[in-house]
Amino acid sequence: MPIIKWQGRDVDGLEVRFRSNHEEWNDYTLEDGSNIRMKAVVSEIVRLDGEYDAEGNPVYLVKSTNVLVIKAPDNLKRGAPRNI
């Protein structure tokens, strides 16, 4: 069991095995014409022993990495001519 620093104290954590059911992309269109796609890829989940949120659910800490795909218009890319 890992020991986790939580709200200023040491709390026992239990690593919880998991499987990914589905990883959704979030798509954003920016006012500068760029498109950003992002998703979180989870690598580890730990449940904190004896810790609960306001609704009584157990507290989980999730370690993840954000994956980004950016498609910018040509005028924003490095080396593009700038209008002055």
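Output the residues belonging to the stretch 1-36 that are of a type in the set (G, A, S), in a loop (DSSP other than H, G, I, E, B) and either modelled with pLDDT of 95 or more or on the phi < 0 side of the Ramachandran plot (or both). Scanning the stretch 1-36 gives S20, G33, S34.
For the stretch 40-51, the count of residues that are among the charged types (D, E, K, R) and out of contact with any strand residue (DSSP E or B) (no Cβ under 9 Å at 6 or more places or on another chain) is zero. Residues of the stretch 63-84 that are under 30 Å from G8 (Cα atoms) and surrounded by 12 or more Cβ atoms within 10 Å (Cβ to Cβ): S64 alone. Restricting the first member to the stretch 52-78 and to residues that are more than 30 Å from R17 (Cα to Cα), and the second to residues that are hydrophobic (A, V, I, L, M, F, W, C), the beta-carbon pairs closer than 7 Å and six or more apart or on different chains are I70/I36; D74/A80. Here the stretch 3-60 is the region considered, the condition is being within 16 Å of the chain's Cα centre (by Cα) and small (G, A, S), and the residue that is surrounded by the fewest Cβ atoms within 10 Å (Cβ to Cβ) is S20.
The values are calculated or read from the model by the stated rules, or taken from the named source; none is laboratory data. In this text, all values refer to a predicted model and were calculated from it rather than measured experimentally. Don't worry about glycine lacking a Cβ; one is built from the backbone with ideal geometry, like all the others, and counts go over all protein chains shown.
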